[in-house]
Amino acid sequence: MNRNNPIRLVVIGAGLVGQRHARHAADHPDIDLAWIVDPNPDQQALAQELNCRWAPDIDTVPASDCHAAVIATPNSDHLPSGLACLERNWATLVEKPVADTVENGEKLVSAFEARGLPLLVGHHRRYHPSVEKAKELLDTAALGNAVSASLIWAVRKPDSYFQAGLWRRKSDGGPLLINFIHEADLLVGLFGPVQEVQAMVSHHARGSTVEDSAAINIRFASGVIATAILTDAALTPWSFEGASGENPNIAETGISSWRIGCTAGSFEFPALRVWTDANGEEGDWSRPLKHEVIATEKVNPLHEQLTHFASLVRQESTIPKVSGRDGLEALRLVEAVRTAARTGRPVVAEGPAQNANSV
């Protein structure tokens, strides 16, 4: 398999994210979008538009007709669809979260590891150059030692979002597993293993069985303390997607949603507005600050993710940028948040994460 022989890809699930994957795959020079799998027959129109075939289920797709798959189905389907892809010997990109529970995620990750087949988790934010630059600032202690982080993810999802997928009103369809999972991946990637989590959630805005809002405190083994406010029921300019403009369904604001504090400076993220002492000295609260913006290239992260996925399928790369183990660490953090909120007690990690890649 080489660049003159594109990777034949099946996209499983044609909801909001699945359609984005399919459109990017159809335009990608390394990919030949072969199939769209979705039980909704209306998605035949999308397949026709993108010049590929449609199937109502995976069993309809001949295993020999594809090299790889993207799974963009509801969270509870990630394990069964992932195992079906593994049975067909398809390298797989599974949308976040890696599964609906850590237990199911462990089953999926272990199965792919045992087979030696690539499994990439769709934490696409990792592909933004601003993420790599933020990691560099922290790892080199360019602003001193990291002390704190605060972040907000607050948008108002339209009613049509829930009407189009009733599963989003159930336990695995809330903003913790759908949206905070991205923040969780970046938090662990930037600051390392989690030591303790405190949290509370609210169902007040929508009255569903799943949360619509959450407040979270996290202490990392590195000593960094982070706070997060999360809601999908408030109209605000504060979200990573709004700041980065990465999602066509979320209006771009350009306003950073993260603040990271270090002993010799701080920075807003993902815009990378860096604050330091105005005179380049040690600085304290009595002294004026100056700021500069570190410019980074703006990319389409889903396109970059597909490029990396193609390199894994061709075995040009052997280490996934976001491995199954990385996906499990993000999911463990979300499950710790849910447990802390349910019990009203802090959740203490048993030990540092193993085999996970930092950003």
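Yes/no matrix, rows are residues, columns are (1) in contact with a Phe, Trp or Tyr (Cβ under 9 Å, 6 or more places away or on another chain); (2) modelled with pLDDT under 95:
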site: L9; (1), (2): yes, no
site: V17; (1), (2): no, yes
site: A26; (1), (2): no, no
site: P41; (1), (2): yes, no
site: L50; (1), (2): no, no
site: R53; (1), (2): yes, no
site: D59; (1), (2): no, no
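Filtering the stretch 238-247 down to residues that are part of a loop (DSSP other than H, G, I, E, B) and under 14 Å from R156 (Cβ atoms), which residue is most open to solvent (accessible area, probe 1.4 Å)?
W238
Condition first: in contact with a strand residue (DSSP E or B) (Cβ under 9 Å, 6 or more places away or on another chain) and open to solvent by 30 Å² or more (accessible area, probe 1.4 Å). Now tell me which residues in the stretch 74-116 satisfy that.
Answer for the stretch 74-116, where residues must be in contact with a strand residue (DSSP E or B) (Cβ under 9 Å, 6 or more places away or on another chain) and open to solvent by 30 Å² or more (accessible area, probe 1.4 Å): D77, R88, E113.
Quick one: C66 ticks every box in (1) at pLDDT below 95; (2) more than 24 Å from the chain's Cα centre (by Cα); (3) surrounded by 13 or more Cβ atoms within 10 Å (Cβ to Cβ) except a single one, so which number is it?
It fails just one condition, (1).
Please go through the stretch 125-137 and give me each residue that is in contact with a strand residue (DSSP E or B) (Cβ under 9 Å, 6 or more places away or on another chain) and open to solvent by less than 30 Å² (accessible area, probe 1.4 Å), ordered by number.
S130, V131, A134, L137
Looking at this structure, is I250 farther than 30 Å from A26 by Cα, touching a helix residue (DSSP H, G or I) at 6+ places or on another chain (Cβ under 8 Å) and open to solvent by less than 70 Å² (accessible area, probe 1.4 Å)?
No; evaluated as a whole, the condition is false for this residue.
Within the stretch 207-237, how many residues turn out to be part of a strand (DSSP E or B), crowded, with 20+ Cβ neighbours inside 10 Å and among the hydrophobic types (A, V, I, L, M, F, W, C)?
Total satisfying the criteria: 7.
Could you tell me whether S358 is at pLDDT below 95 and either of a type in the set (G, A, S) or crowded, with 19+ Cβ neighbours inside 10 Å (or both)?
yes
Could we say that A251 is more than 27 Å from K157 (Cα to Cα) and among the aliphatic types (A, V, I, L, M) here?
no
Taking strands (runs of 3 or more DSSP E) that do not extend beyond the stretch 52-146, which have at least 2 residues that are farther than 18 Å from S311 by Cα?
In the stretch 52-146, 53-55 are the strands (runs of 3 or more DSSP E) which contain 2 or more residues that are farther than 18 Å from S311 by Cα.
I'd like to check something: does the stretch 156-178 contain any residue that is out of contact with any Lys or Arg (no Cβ under 7 Å at 6 or more places or on another chain), farther than 18 Å from G15 by Cβ and not in a loop (DSSP other than H, G, I, E, B)?
Checking the stretch 156-178: at least one residue is out of contact with any Lys or Arg (no Cβ under 7 Å at 6 or more places or on another chain), farther than 18 Å from G15 by Cβ and not in a loop (DSSP other than H, G, I, E, B).
Here's the yes/no breakdown for (1) at pLDDT 95 or above; (2) over 23 Å from V293 (Cβ atoms); (3) in contact with a helix residue (DSSP H, G or I) (Cβ under 7 Å, 6 or more places away or on another chain):
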| site | (1), (2), (3) |
| --- | --- |
| D185 | yes, yes, yes |
| F191 | yes, no, no |
| E196 | yes, yes, no |
| A234 | yes, yes, no |
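Which pairs have Cβ atoms under 7 Å, sit 6 or more apart or on different chains, and link a residue in the stretch 136-160 that is closer than 18 Å to P175 by Cβ to one that is open to solvent by 70 Å² or more (accessible area, probe 1.4 Å) and in a strand (DSSP E or B)?
Close Cβ pairs (under 7 Å, with a partner that is open to solvent by 70 Å² or more (accessible area, probe 1.4 Å) and in a strand (DSSP E or B)) amount to S150/R259; I152/I229; A154/I229.
Report yes if K157 is under 22 Å from N217 (Cα atoms) and either crowded, with 23+ Cβ neighbours inside 10 Å or basic (K, R) (or both), otherwise no.
Here the answer is no, as K157 does not meet what is asked.
The values are calculated or read from the model by the stated rules, or taken from the named source; none is laboratory data. Computed from a predicted model, the values in this text were never measured in an experiment. As a convention, Cβ positions derive from the backbone with ideal geometry for all residues, glycine included, and neighbour counts pool all protein chains shown. Note: areas computed on protein heavy atoms with side chains; ligands, DNA, RNA excluded. Shrake-Rupley method; radii C 1.70, N 1.55, O 1.52, S 1.80 Å.
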